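The values are calculated or read from the model by the stated rules, or taken from the named source; none is laboratory data. Only a predicted model underlies this, so the values are computations on that prediction, with no experimental measurement involved. Please note: Cβ atoms are built from the backbone with ideal geometry, for glycine as well, and neighbour counts cover all protein chains shown.
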Amino acid sequence: MDLPQHGYRASAKPRARAGPHTGDPLLFADTSSAAPPMNNQGYYTPGYSIGGAPVGGPADAGVNNLFADPMASAAMMYGSSLANQGKEIVNKEISRYVSVNKLKYFFAVDSKYVMKKLLLLVFPYTHQDWEVRYHRDTPLTPRHDVNADDLYIPSMAFITYILLAGMALGIQKRFSPEVLGLCASTALVWVVIEVLVMLLCLYILSVHSDLSIFDLFAYSGYKYVGMIFTVLGGLLFGSDGYFVALTWSSCALMFFIVRSLKMKILSSLSHDSMGAGATAKPRLRLYITVATAAFQPIIIYWLTSHLVR
Amino acid sequence: MAFTLYSLIQAVILCVNAVAVLHEERFLSKIGWGVDQSIGGFGDEPGIKVQLMNLVRSVRTVMRVPLIAVNSVCIVLLLLFG
């Protein structure tokens with residue numbers, strides 16, 4: 001295809017020459033208008049329609065500006081074709097490692113779900129029904145079922161936690177940009193370690209649950225909400241507020257994790273109910289659930305105590 | 001403990017190297033974790049030890065060649081950048 005190259009060569013030269021002076025018509029007349037005239041016209045019309053709709057009166061001035069600046073339109077065309085190519089390559093590479101459809105399920109949330117889930121993470125004691133509802137073999141998306149886990153809340157909470165950590169360190173005059181990166185990677189590494197240990201335990205005890213790796217990331221990531229709550233309590237009310245918020249969020253998170261994982265791990269026993277070998281299994285599965293829950297307060301304390309001193 | 005992603009990668013590489021180094025007939029058979037001792041009962045629930053032995057054997061089989069490449073890269077990087 002020589003057309004994009006033509007546009008690239010044409011746009012490279014005016015860019016080099018356009019440094020000192022931008023309004024010279026002679027510089028722009030030759031090179032870019034000789035380049036792909038059809039493509040330029042194709043890009044003028046969407047520019048016209050986009051610029052024409054919000055700007056009612058001076059629409060003529062907008063069109064004239066686009067026509068008088070073919071370098072910008074050629075550069076825009078080249079840039080958009082480059083962006084499309086890059087997007088295709090990225091999509092192809094990502095879909096080789098991560099199934100994008102499965103990931104989309106975890107981000108299908110709406111604000112009502114987020115509100116209810118956040119309330120559930122802070123106060124889970126009055127919630128009655130913890131079953132994940134199904135719709136013809138596939139679990140319902142988080143939009144329709146408050147018990148479904150998602151990855152939106154953990155990722156947003158992770159970023160909020162990093163910002164809060166930076167703010168807390170700045171209040172104590174201990175901030176520097178490297179600390180922010182260190183805090184972020186420490187939190188991420190602990191979640192990755194927890195997910196790997198959980199995967200190992202689930203494999204060794206042959207627990208055939210439907211917990212995928214994204215589900216484990218979601219359940220591990222819900223502790224960021226507890227961490228945010230704890231750091232906020234520590235910032236607003238000092239050291240006593242920190243310990244009160246830590247206790248409250250630890251208990252709430254432990255209750256939430258035990259009730260949620262009990263449905264997923266311990267209920268898979270009903271599918272393979274053997275007589276003799278089933279006595280050791282429920283105990284070990286209970287140990288996993290309780291150990292996961294007990295690990296949360298430890299890690300919340302470890303990751304937030306240095307922020308609130 | 002402040003971690004970076006690089007220290008996590010280092011820890012994972014060291015652990016996988018440790019599992020890959022366990023020799024089948026010189027060590028694993030001596031302590032009863034050999035390949036011939038894992039085909040136990042044919043129930044649908046293999047025990048913890050059988051699962052662990054399967055895990056060790058599969059890690060050794062699968063990661064043998066990638067570990068050569070990853071270890072070489074690590075050695076070169078550590079020699080160059082300390």
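A few comments on the model shown:
- As a summary of the residue check, A:LEU140 satisfies the conditions (1) closer than 29 Å to A:THR247 by Cβ; (2) touching a Lys or Arg at 6+ places or on another chain (Cβ under 6 Å) except for the one numbered (1).
- Checking each residue in the stretch A:167-186 for being away from chain B (no Cβ under 14 Å) and within 22 Å of B:TYR6 (Cα to Cα) picks out only A:PRO177.
- Screening B:ARG26 against (1) modelled with pLDDT of 90 or more; (2) away from every other protein chain (no Cβ under 14 Å) leaves a single unmet condition, (1).
- Take the conditions (1) touching a His at 6+ places or on another chain (Cβ under 8 Å); (2) under 22 Å from A:GLY226 (Cβ atoms); (3) within 12 Å of another protein chain (Cβ to nearest Cβ); A:HIS208 misses just one of them, which is (2).
- For first residues located in the stretch B:1-21 and facing chain A (nearest Cβ under 9 Å), partners that are assigned to a helix (DSSP H, G or I) and lie 6+ apart or on another chain with Cβ distances below 6 Å form the pairs B:ALA2/A:LEU182; B:ALA2/A:THR186; B:PHE3/A:THR186; B:PHE3/A:VAL189; B:THR4/A:SER185; B:LEU5/A:SER185; B:LEU8/A:VAL189.
- If you filter the stretch B:29-50 down to residues that are surrounded by fewer than 14 Cβ atoms within 10 Å (Cβ to Cβ) and within 13 Å of chain A (Cβ to nearest Cβ), you find that the one that is modelled with the highest pLDDT is B:ILE48.
- A:TYR224 meets the conditions (1) away from chain B (no Cβ under 12 Å); (2) of a type outside the set (A, V, I, L, M, F, W, C); (3) loosely packed, with under 15 Cβ neighbours inside 10 Å in every case but one. The failed one is (3).
- Qualifying residue in the stretch A:140-157 (condition: loosely packed, with under 13 Cβ neighbours inside 10 Å and free of Cβ contacts under 8 Å to residues at least 24 places away in the same chain): no
- Each residue in the stretch A:253-277 was checked for being farther than 25 Å from A:LYS117 by Cβ and either touching a helix residue (DSSP H, G or I) at 6+ places or on another chain (Cβ under 7 Å) or modelled with pLDDT of 90 or more (or both), and 1 pass.
- Only residues that are surrounded by 13 or more Cβ atoms within 10 Å (Cβ to Cβ), at pLDDT 90 or above and closer than 25 Å to A:ILE213 by Cα were counted in the stretch A:68-115, giving 2.
- Residue in the stretch A:97-105 that is of a type in the set (A, V, I, L, M), touching a residue at least 60 places away in the same chain (Cβ under 8 Å), in a helix (DSSP H, G or I) and farther than 28 Å from A:ALA184 by Cβ present: no
- Residue pairs meeting the criteria (Cβ under 6 Å; at least 6 apart or on separate chains; first touching a residue at least 24 places away in the same chain (Cβ under 8 Å), in the stretch A:121-134; second in a helix (DSSP H, G or I) and among the basic types (Lys, Arg)): A:TRP130/A:ARG259
- Taking the stretch A:123-227 as the region of interest, the helices (runs of 4 or more DSSP H) fully inside it that hold 3 or more residues being of a type in the set (Ser, Thr, Tyr) and under 30 Å from B:VAL56 (Cα atoms) are A:177-204.
- Across the stretch A:294-309, the qualifying residues are those that are within 13 Å of A:GLY233 (Cβ to Cβ) and crowded, with 21+ Cβ neighbours inside 10 Å, and the one among them that is farthest from the other protein chains (Cβ to nearest Cβ) is A:VAL308.
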